[in-house]
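Asker: Mind looking over this structure? Questions follow.
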Amino acid sequence: MLELRGVTKCYSVFPAVDNVSFSVRPGEVLGYLGPNGAGKSTTIKMLAGLLKPTSGEILYEGREIRRDLHAFRRRLGYVPEQADIYPHLSGLDYLILVGRLRDIPERPLYEKARAFLRAFDLDVDRDNAVGAYSKGMRQKVLLAAALLHDPDVLLLDEPLSGLDVTTGLIVRDLIARLAGEGKIVLYSSHVLEVTEKVCTKVIILHQGKVVADDSVVHLRELMKLPSLVEIFSQLTAQTDTDAMAGDIVAVMKG
C-alpha cells in the first residue's frame with residue numbers, strides 16, 4: 001500500500017499541499033485531480049522522492065520511503081508532467097540509458113527497449129534524435145521508460161499529454177490491465193472523461209486541500225450529479241465559466 005499521512009509542502013510560508021492524506025492499494029487506480037495550481041504535481045514529485053515534504057509522512061508497505069529512497073525508486077515508474085528528455089539521444093538510446101540506470105542486464109534490455117518502441121509505433125524512428133520527435137512521440141518514450149523495469153507503483157502525471165486519440169485509448173486500456181496485475185497506479189489528468197473510466201476512486205484537490213475522496217459512483221450519488229466533469233466543476237470552480245466565455249467572445253467581436 002502507498003500512503004500519505006498529513007503531508008504538507010510549503011514554499012516560503014504558503015502551503016502548496018496542505019495536510020493531504022490518502023492511501024492506494026495494489027490493484028487500485030487513484031485519480032488525482034484539481035485545477036492548475038491545486039498541488040497535484042507537487043504531491044507527485046514528493047511521492048517520486050524529488051521533493052521533501054515540509055511535514056507528514058509518505059509510506060510504502062508501511063515504511064517511510066525516505067528511509068531507503070533508492071529501494072523505493074527501484075519499484076517506481078514515473079511519467080512526469082513535462083517531457084524533458086535528453087534531446088541529442090535517440091529514442092532507443094534513451095531507453096537503454098534508463099534501463100542501465102535500472103540495472104537491467106544488457107541483452108534483455110536491448111530486446112525489451114526495441115519491443116517497447118515497436119509497441120508504441122516508434123520503431124521506424126528509434127535511431128532519430130528525441131529532439132526531432134513530436135510531443136506525442138516524446139510522451140510515448142516517457143511511458144516506455146516508466147514501464148521498462150516492470151514497476152510495482154506507477155505515478156502518471158498527465159500521461160495523455162500530446163498523444164493522439166488512438167494511443168490515448170491504448171493507454172487507458174493499459175492502465176486497467178496494469179491495475180489488474182496488482183500495480184498501484186496514481187493517475188493525474190485533466191481528461192476527466194478518461195479518469196472517470198479508469199479510476200477506482202478519485203481525490204479532488206482545491207488550493208492544496210482535499211475536497212473529495214471517494215469512488216466516482218458514490219460521489220455521483222452524494223452530489224446528485226451525472227458525471228465527474230460536473231462534480232469537479234462544482235467542487236473547484238471559483239468563476240462563472242459561461243460568463244467568462246461570453247466576455248472573451250465580446251472582446252473578440254470588439
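Asker: Which count do you get for residues in the stretch 174-200 that are under 11 Å from the mean Cα position of the chain (by Cα) and charged (D, E, K, R)?
Answerer: 0
Asker: Tell me, which strands (runs of 3 or more DSSP E) lie completely within the stretch 166-220 with 2 or more residues that are free of Cβ contacts under 8 Å to residues at least 40 places away in the same chain and out of contact with any Gly (no Cβ under 7 Å at 6 or more places or on another chain)?
Answerer: Output list reads 209-214.
Asker: Please state which of the following conditions Leu160 fails to meet, knowing it meets all the rest: (1) in contact with a Ser or Thr (Cβ under 7 Å, 6 or more places away or on another chain); (2) surrounded by fewer than 20 Cβ atoms within 10 Å (Cβ to Cβ).
Answerer: With (1) in contact with a Ser or Thr (Cβ under 7 Å, 6 or more places away or on another chain); (2) surrounded by fewer than 20 Cβ atoms within 10 Å (Cβ to Cβ) applied to Leu160, the lone miss is (2).
Asker: For the structure I just gave you, tell me whether Gly162 is closer than 30 Å to Ile231 by Cα and at pLDDT below 90.
Answerer: Against the criterion (closer than 30 Å to Ile231 by Cα and at pLDDT below 90), Gly162 qualifies.
Asker: Another question, if that's okay. Within the stretch 62-80, which residues are aliphatic (A, V, I, L, M) and assigned to a helix (DSSP H, G or I)?
Answerer: Ile65, Leu69, Ala71
Asker: Looking at (1) buried (at least 20 other Cβ atoms within 10 Å of the Cβ); (2) modelled with pLDDT of 95 or more; (3) on the phi > 0 side of the Ramachandran plot; (4) not hydroxyl-bearing (Ser, Thr, Tyr), which one does Gly34 not meet, given that it meets all the others?
Answerer: (2)
Asker: Sticking with this one: Out of curiosity, is Ala83 modelled with pLDDT under 95, of a type in the set (A, V, I, L, M, F, W, C) and in a helix (DSSP H, G or I)?
Answerer: Taking the combined requirement at face value, the residue does not satisfy it.
Asker: Of all residues in the stretch 145-165, which are touching a strand residue (DSSP E or B) at 6+ places or on another chain (Cβ under 6 Å), assigned to a loop (DSSP other than H, G, I, E, B) and over 23 Å from Tyr110 (Cα atoms)?
Answerer: Hit for the stretch 145-165 is Pro159, nothing else.
Asker: Here's a follow-up. Return the only residue of Leu95, Leu59 being part of a helix (DSSP H, G or I) and modelled with pLDDT of 95 or more.
Answerer: On the way: Leu59 fails: part of a helix (DSSP H, G or I).
One residue alone meets the criteria, Leu95.
Asker: Also, quick follow-up: Which ones in the stretch 120-144 are assigned to a helix (DSSP H, G or I), surrounded by 15 or more Cβ atoms within 10 Å (Cβ to Cβ) and in contact (Cβ under 8 Å) with a residue 24 or more places away in the chain?
Answerer: Asp125, Val130, Gly136, Met137, Arg138, Gln139, Lys140, Val141, Leu142, Leu143, Ala144
Asker: To continue, here is another question. Tell me which residues, restricted to the stretch 1-23, are among the basic types (Lys, Arg) and surrounded by fewer than 19 Cβ atoms within 10 Å (Cβ to Cβ). Explain how you work it out, then say what you get.
Answerer: Of the stretch 1-23, the ones among the basic types (Lys, Arg) are 5, 9.
Residue satisfying the conditions is Arg5 alone.
Asker: Let me ask another. Could you grab me the full set of residues in the stretch 98-119 that are surrounded by fewer than 18 Cβ atoms within 10 Å (Cβ to Cβ) and either in contact with a Cys (Cβ under 6 Å, 6 or more places away or on another chain) or assigned to a loop (DSSP other than H, G, I, E, B) (or both)?
Answerer: Arg102, Asp103, Pro105
Asker: When the residues of the stretch 4-38 are narrowed to those that are of a type in the set (Lys, Arg) and assigned to a strand (DSSP E or B), which ends up farthest from Cys199 (Cα to Cα)?
Answerer: The extreme case among them is Lys9.
Asker: Filtering the stretch 163-183 down to residues that are buried (at least 17 other Cβ atoms within 10 Å of the Cβ) and among the basic types (Lys, Arg), which residue is farthest from Leu122 (Cα to Cα)?
Answerer: Out of the qualifying residues, it is Lys183.
Asker: When the stretch 75-97 is examined, which residues are found to be of a type in the set (D, E, K, R), within 22 Å of the chain's Cα centre (by Cα) and surrounded by 13 or more Cβ atoms within 10 Å (Cβ to Cβ)?
Answerer: Arg75, Glu81
A quick yes/no check of all residues on (1) small (Gly, Ala, Ser); (2) within 11 Å of the chain's Cα centre (by Cα):
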{"site": "Ser134", "(1), (2)": "yes, no"}
{"site": "Met137", "(1), (2)": "no, no"}
{"site": "Leu142", "(1), (2)": "no, no"}
{"site": "His149", "(1), (2)": "no, no"}
{"site": "Leu155", "(1), (2)": "no, yes"}
{"site": "Leu160", "(1), (2)": "no, yes"}
{"site": "Thr166", "(1), (2)": "no, no"}
{"site": "Val171", "(1), (2)": "no, no"}
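The values are calculated or read from the model by the stated rules, or taken from the named source; none is laboratory data. What you see is a predicted model, and the numbers here were worked out from it, not measured in a lab. Reconstructed Cβ throughout: ideal geometry from the backbone, glycine too, with neighbour counts over all protein chains shown.
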